[in-house]
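Read the figures in this text as sums done on the coordinates, not as results from a lab. Since the structure is predicted, the reported quantities are computational estimates derived from the model, not experimental observations. Methodologically, a virtual Cβ is constructed for each residue, glycine included, from the backbone with ideal geometry; neighbour enumeration extends over all protein chains shown.
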């Protein structure tokens, strides 16, 4: 008796286990297999039997499942090939959704999600100096403050400093201007990296007068030195001076100094030691960037508290330079990513996700309609013994196969989209060259396809498999939607319209913002100006006289050319690369200081850029090397320091040195900036102080040439002029000023273009959706139309009836879309310039567009309804 | 003596070579109709226990063999004592043909192996 109970229990347990087989298999052989279990259990030991049975299920259940799956997939493809146009439309729709999503994800993945290539990257921080009162948030650090921090900070394991520093490599081959950096010896320890070959810098390399050494980046090592490790220990000529190559740094090193001064988006290739001579440094001179590694277990907040205390103490100690300056800590991950890139990428990800949803909804609607017209086939299969779950499985397999096929096309699309996007993205964006459709991205694309297949297939499958056998067979294959089927299809259209409206509102806001950005007052005239940079090596130009001589000769030579209107040099061109030193301007030594950007420029700078002179004079010959220092201030400096009197003739205290103010000029945009290039167009013009390049000659300068014709045509003449004076000097970063300007708006342009494209695709898909629903509705109601027409209904009224139906759905969708947009668009406000996220005009325009397109999509099928011949319609029934 | 390799028609040739389980089931059914457990026992007995068909393999093979028409399910029971509830299977003409073709194929293989001394004494 007991053994019989055990047998029954065991058999029951085994039946449970058999659920791992396809249901059909279970129903067919489950009872037999359970009986077989009982037979064997009588003859064999329990443990051995169960081990055997478990192994059997693990081995054979997947095979049986796969057999059914392959059958269903084959069936699906046979079915799809019977309706090629519908299938192709569905494939294109899914491909657009999955392809777009995957492409945007690949950017987000490379730029935002991948951890930094350093050990324990979450302990890495960047330290900024911060002066909100002078509008200097997250500013560069003064070298002396850095030294003080290294002595005082206990929450940091180590600190390291770096600065951008381009170098001219001469020797074998063409002189080459390379982006580079100066780094402290502690950099390797902070980042946790080792050189690929050779050694890193040591503290003794930083000492003034030490033997000149350099590290080269892996990229340069492979490109220029053929990956030959023997370069370590040899000498190369940088900026005219011999440097011994002591090591090769790995790729990960390029993150240091990316988006750096002078690198203009290129990754640094050459590193030399950053030596700080406390005797020659000015604590108010903010030029370096500082990274640190937190001690294990120290939180970012604790480190922030400590650095805050250190900064407060230093304000007391060094009031002249450190008043109002605090310290700001950000994780290296956050500081590397442009703060505008993150919201922009997230907005795009949301937008493309919505496109994917609309695409799924469209295909779901097609499948729903097809499911309804397939009711007879499904009823037949039910009659032949297929259970509901079997039909569900078949239908879901169909939609998933469709989605995977569409997704595969989408992934191909994504590969091309990614290539296009890489060109469009701002070159200063971190890790842009790592954007690729890699294994992770492919995996995500596949998951998206799978999820889309389930999303669009589940509802139609649930509905279609719920067939009522008798009525379906009686319908002779016509199929009816039934009231609830119509409700589902209509709800899908409403949802699509709502999503499309939201996307269109978002895209329209971004477009408005972008247009306003393009029309912002620059304060100078960028057209017709070409910029180029020349960096004179210290070795050949050790003093001010020789440096000034080179520039004077060059400007004289250029001024003599007929096609040149004016030529000038400056530390930077607006929005272009170059060092942007900051400083504090005061009207008297003890007065309140304001932060301003320093421009060291030649006399023709204002003219070449078309910056208006508001009072006084421009720099000229009287402002020579021996005469008292002069300065020109920008309008905002003038108004804040000398509100009630003319600044001309006043004395300006600039970083503790006195200058006579000789002129006032208009404010210009693009003069400040954190990255390699100038600030964005959306940033207010910064206060600026102009100093004379004759009085303060600099070795690295930007040449600005305004021409009468096409600016690029003058480039060979400029290069020739430089070569005639010094053939060893390369002219680099030769670009039209307009190009630098365009590059600074690359981010909003990218976001606007992409979101606009997504909104258009969404609108198109939603229109196709409403078109499909109405077409279907018309075809289902042919008989009703026939009766109405036979009873005297007018064609126009019939058309209007259907158009009304479609527009009603659209109206509900648009209303929901506008409300959702109203509630969510504020999340996008950081991306908008001079446009309110609630801007009523934008909402009205966007909804009008949606309604207009929807009207067209409704009108076409509705007109077909009016064209029905009543006699034919009635007879066909 | 040369072995005649049987000519198969229709879909049958693509089934060769037969999986071992399928061949053994056909052999088990060659002389009489059997139910699943009986097939299992017969195979085990003939192979001295070295081949034990597991339930998943047995019924997975039976399912495919039914679809391919190598066997059929029969209502008639071979003897009066047999269990009425069990499902019995019978080999079809096609099943017999393909089993013979497989046996021929194996014979040819065996002969080739034997000719070059690749078989043990017992074979």
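Per DSSP helix of 4 or more residues, -39500 (n - 2.57); summed, then divided by the residues of chain B. What does that give at 222 nm, rounded to the nearest 500?
Values: 4 runs with 59 residues, N = 123.
Value at 222 nm, helices only: -15500 deg cm²/dmol.
As a calculated quantity, the FRET efficiency between residue A:342 and residue A:20 at R0 = 35 Å, using C-beta atoms, amounts to about 0.20. Antiparallel beta bridges, as assigned by DSSP with both residues in chain A, represent about 80 percent of the total such bridges.
Name all residues of segment A:578-610 having a backbone nitrogen under 19 Å from the label point set 7 Å from the Cα of residue A:644 along its Cα→Cβ direction, giving them as ranges. Once the point is set 7 Å along Cα→Cβ of residue A:644, A:587-593 turn out to lie under 19 Å by backbone N, inside segment A:578-610. Between the helical axis of A:341-373 and the longest alpha-carbon principal axis of chain A there is an angle of about 20 degrees. A crude spin-label estimate for the pair residue A:312 and residue B:77, with each label 7 Å from Cα along the Cβ direction, gives 9.7 nm. Taking other C-beta atoms within 10 Å as the exposure proxy, A:447, A:849, A:858 rank A:447, A:849, A:858 from fewest upward. Stretching residue A:212 away from residue A:538 to a fully extended chain increases their span by 116.0 nm, per 0.36 nm per residue minus the current alpha-carbon distance. Averaging the sequence gap over all C-alpha pairs within less than 8 Å and six or more residues apart, then dividing by the number of residues, gives segment A:1-141 a relative contact order of 15 percent. Among A:504, A:413, A:349, B:109, the order by Cβ neighbours within 10 angstrom, fewest to most, reads B:109, A:349, A:413, A:504. A simple spin-label model places the labels of residue A:617 and residue A:299 6.2 nm from each other, with each point 7 Å out along Cα-to-Cβ.
Once C-alpha pairs closer than 8 Å and six or more residues apart are averaged by separation and normalised to the residue number of chain B, the relative contact order reads 34 percent. Fully extending the segment from residue A:447 to residue A:147 would add 102.9 nm, taking 0.36 nm per residue of separation and subtracting the current Cα-Cα distance. Helix A:840-866 and the longest principal axis of the C-alpha atoms of chain A enclose an angle of approximately 30°.
Run the numbers on chain A and let me know its relative contact order in percent, using alpha-carbon pairs under 8 Å that are six or more apart. It comes to 15 percent, rounded to a whole number. Relative to the longest principal axis of the Cα atoms of chain A, the long axis of helix A:482-518 makes an angle of roughly 10 degrees. Counting neighbouring beta carbons within 10 Å and listing from fewest to most, the residues A:336, A:112 come out as A:112, A:336. Measuring r between the beta carbons of residue B:107 and residue A:440 and using R0 = 51 Å, the FRET efficiency lands at 0.40. Here residue A:47 and residue A:696 are evaluated by their C-beta separation; at R0 = 60 Å the FRET efficiency comes out at 0.05. Tell me, in nm to one decimal, what length is gained between residue A:491 and residue A:384 on full extension, where the rule is 0.36 nm per residue of separation less the Cα-Cα distance? Additional length available on full extension: 35.2 nm.
Each of residue A:83 and residue A:59 was given a label point 7 Å from its Cα along the Cα-to-Cβ line. The distance between the two points is 4.3 nm.
Taking each DSSP H run with n ≥ 4 as -39500 (n - 2.57) and averaging over every residue of chain A yields -17500 deg cm²/dmol at 222 nm.
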